[in-house]
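Chemist: Have a look at this one before I ask anything.
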Amino acid sequence: VIVNPLKITASMLTQSNVAETDYAEWNPQTTYGRGARVILSSTHKVYESIQTTNLNKPPAVEALWWIEVGPTSRWAAFDTSNSSVTVNPSSITYTLAPGQAVNAIAALNLSNATLIKITMKSPLMGTPGIVYSKTVSLSPLPASPDWWSFFYGVRSKPTQDVRLDLPSYADCVIEFELFGGENLSIGTLLLGQLRAFGLGIQYGARVGIQDYSRKETNDFGDVVLIKRSFARRANFEMLLRKDEVDSLQAFLSDIRATPCLWVAAKDYEATTIYGFYKNFDILISYPEHSDCSLEIEGLT
């Protein structure tokens, strides 16, 4: 399953409890020094001044005076990076009107989250018009399914939730609610229409990570490890029907260099990756079926 996310615009985002107050709004009458940061609500971006006596230089167009730092906290969940996060204490809520039918929603790179509530409404269905409602617990789970691990073992908290069963309503309004602790955050919230190809992933699929940490040796011979971000990787082989070859090639050509959600097997969270494909090959092996290999690299 492949989900090409919708680009969320200001007209689609009708409500959020995350304030867009990371920094003060840029003021053309204020003189900014080097290192000063501002936001532009028109672009939903944070900018940093790179010169002194910065006066009346619009951040979005004056590249010699400003650098773009990244999205504001409210909009960090909708950029193409999984490492920039939306942060808000206790709860993060969004109400989205995508203007088209969507059947997939995913919340990725969650931290300090305990519960997700997803509600889809259709105004054409009247009041309250609820056509989909799901509550998902993100309670920590034992690493192994035995009694000792259940009572005493290390527990890991889910860091993502993917729903591929939303009903298709062109006038849908989606309410996303995330609850958790004081440092609650989400890296990516995406909506889209799923595309399914193939007859299933073949055994022998490979998953792993690309670690960007550094190992350095100082002048005294001591090894110093500098922990940095990592990206998931995967290599899949799948069998295609004859009538899927052209459509898959066309679809993959369209989404080249585009971050998408890739769901290979629901039983293995490691095969769910938000990223882009590096390579794909389709081998027309048989009269009615073909072999396809995909190499996917996740975003940090």
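Chemist: Among (1) within 28 Å of the chain's Cα centre (by Cα); (2) modelled with pLDDT under 95, there is one condition VAL18 misses while meeting the rest; what is its number?
Modeler: Checking VAL18 against (1) within 28 Å of the chain's Cα centre (by Cα); (2) modelled with pLDDT under 95, the one that fails is (2).
A quick yes/no check of all residues on (1) within 21 Å of PRO5 (Cβ to Cβ); (2) of a type in the set (A, V, I, L, M); (3) in a strand (DSSP E or B):
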| residue | (1), (2), (3) |
| --- | --- |
| THR114 | no, no, yes |
| VAL131 | no, yes, yes |
| SER144 | no, no, no |
| SER168 | yes, no, no |
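Chemist: If you don't mind, another one. Can you name the number of the only condition in (1) touching a Leu at 6+ places or on another chain (Cβ under 7 Å); (2) within 16 Å of GLY187 (Cα to Cα) that MET120 fails?
Modeler: Answer for MET120: the failing condition is (2).
Chemist: Another question, then. So ILE67 passes all but one of these: (1) in a strand (DSSP E or B); (2) touching an Asp or Glu at 6+ places or on another chain (Cβ under 6 Å); (3) within 28 Å of THR159 (Cβ to Cβ). Which condition number does it fail?
Modeler: (3)
Chemist: Are there any pairs with C-beta distances below 8 angstrom linking a residue in the stretch 205-217 that is aromatic (Phe, Trp, Tyr) to a residue that is in a loop (DSSP other than H, G, I, E, B) and open to solvent by less than 90 Å² (accessible area, probe 1.4 Å), with the two at least 6 apart or on different chains, and if so which?
Modeler: Here the result reads TYR212/SER229; TYR212/THR300, each pair linking the stretch 205-217 to a residue that is in a loop (DSSP other than H, G, I, E, B) and open to solvent by less than 90 Å² (accessible area, probe 1.4 Å).
Chemist: May I ask you to list the residues in the stretch 172-193 that are of a type in the set (A, V, I, L, M, F, W, C) and either open to solvent by 50 Å² or more (accessible area, probe 1.4 Å) or closer than 15 Å to ALA107 by Cα (or both)?
Modeler: Step one: list which residues in the stretch 172-193 are of a type in the set (A, V, I, L, M, F, W, C), which gives 172-174, 176, 178-179, 184, 186, 189-191.
Within the stretch 172-193, ILE174, PHE176, LEU178, PHE179, LEU184, ILE186, LEU189, LEU190, LEU191 meet the criteria.
Chemist: Does THR86 satisfy the criteria of being touching an Asp or Glu at 6+ places or on another chain (Cβ under 9 Å), of a type in the set (Ser, Thr, Tyr) and buried (at least 16 other Cβ atoms within 10 Å of the Cβ)?
Modeler: Working: touching an Asp or Glu at 6+ places or on another chain (Cβ under 9 Å): no; of a type in the set (Ser, Thr, Tyr): yes; buried (at least 16 other Cβ atoms within 10 Å of the Cβ): yes.
Here the answer is no, as THR86 does not meet what is asked.
Chemist: May I ask you to say which residue of ILE50, ILE92 is open to solvent by 50 Å² or more (accessible area, probe 1.4 Å) and aliphatic (A, V, I, L, M)? Give the derivation first.
Modeler: Working: ILE92 fails: open to solvent by 50 Å² or more (accessible area, probe 1.4 Å).
When all the criteria are applied, what remains is ILE50.
Chemist: Would you mind stating whether LEU55 is closer than 30 Å to ALA270 by Cβ, in contact with a strand residue (DSSP E or B) (Cβ under 6 Å, 6 or more places away or on another chain), open to solvent by less than 80 Å² (accessible area, probe 1.4 Å) and hydrophobic (A, V, I, L, M, F, W, C)?
Modeler: Details: closer than 30 Å to ALA270 by Cβ: no; in contact with a strand residue (DSSP E or B) (Cβ under 6 Å, 6 or more places away or on another chain): yes; open to solvent by less than 80 Å² (accessible area, probe 1.4 Å): yes; hydrophobic (A, V, I, L, M, F, W, C): yes.
Judged against the criteria, LEU55 is not a match.
Chemist: Within the stretch 5-16, track down each residue that is in contact with a strand residue (DSSP E or B) (Cβ under 8 Å, 6 or more places away or on another chain) and open to solvent by 60 Å² or more (accessible area, probe 1.4 Å).
Modeler: Our first condition is that a residue be in contact with a strand residue (DSSP E or B) (Cβ under 8 Å, 6 or more places away or on another chain); within the stretch 5-16, this holds for 5-6, 8, 12-16.
Answer for the stretch 5-16, where residues must be in contact with a strand residue (DSSP E or B) (Cβ under 8 Å, 6 or more places away or on another chain) and open to solvent by 60 Å² or more (accessible area, probe 1.4 Å): THR14, GLN15.
Chemist: Please state which of the following conditions ARG256 fails to meet, knowing it meets all the rest: (1) loosely packed, with under 11 Cβ neighbours inside 10 Å; (2) in a strand (DSSP E or B).
Modeler: That leaves (2) as the condition not met.
Chemist: So which residues in the stretch 203-247 are open to solvent by less than 80 Å² (accessible area, probe 1.4 Å), more than 30 Å from VAL85 (Cβ to Cβ), of a type in the set (S, T, N, Q) and modelled with pLDDT under 90?
Modeler: ASN218
Chemist: Quick one: is THR31 within 22 Å of the chain's Cα centre (by Cα) and without any contact (Cβ under 8 Å) to a residue 40 or more places away in the chain? Let's see the steps before the verdict.
Modeler: Working: within 22 Å of the chain's Cα centre (by Cα): no; without any contact (Cβ under 8 Å) to a residue 40 or more places away in the chain: yes.
So THR31 does not fit the description; no.
Chemist: Look at the stretch 95-131 and say how many of its residues are buried (at least 21 other Cβ atoms within 10 Å of the Cβ), within 29 Å of GLU68 (Cβ to Cβ) and small (Gly, Ala, Ser).
Modeler: Of the residues in the stretch 95-131, 2 are buried (at least 21 other Cβ atoms within 10 Å of the Cβ), within 29 Å of GLU68 (Cβ to Cβ) and small (Gly, Ala, Ser).
Chemist: Based on this model, can you work out whether GLY187 counts as assigned to a strand (DSSP E or B), within 23 Å of ALA76 (Cα to Cα), of a type outside the set (A, V, I, L, M) and touching a helix residue (DSSP H, G or I) at 6+ places or on another chain (Cβ under 8 Å)?
Modeler: Yes; evaluated as a whole, the condition is true for this residue.
Chemist: How many residues does the stretch 260-284 contain that are in contact with a Leu (Cβ under 6 Å, 6 or more places away or on another chain) and surrounded by fewer than 19 Cβ atoms within 10 Å (Cβ to Cβ)?
Modeler: 1
The values are calculated or read from the model by the stated rules, or taken from the named source; none is laboratory data. Being a predicted model, the structure only gives us computed values, none of them experimental. Glycine gets a Cβ as well: all are built from the backbone with ideal geometry, and neighbour counts include every protein chain shown. The area values use the complete protein model at the heavy-atom level, side chains included, leaving out ligands, DNA and RNA. Shrake-Rupley method; radii C 1.70, N 1.55, O 1.52, S 1.80 Å.
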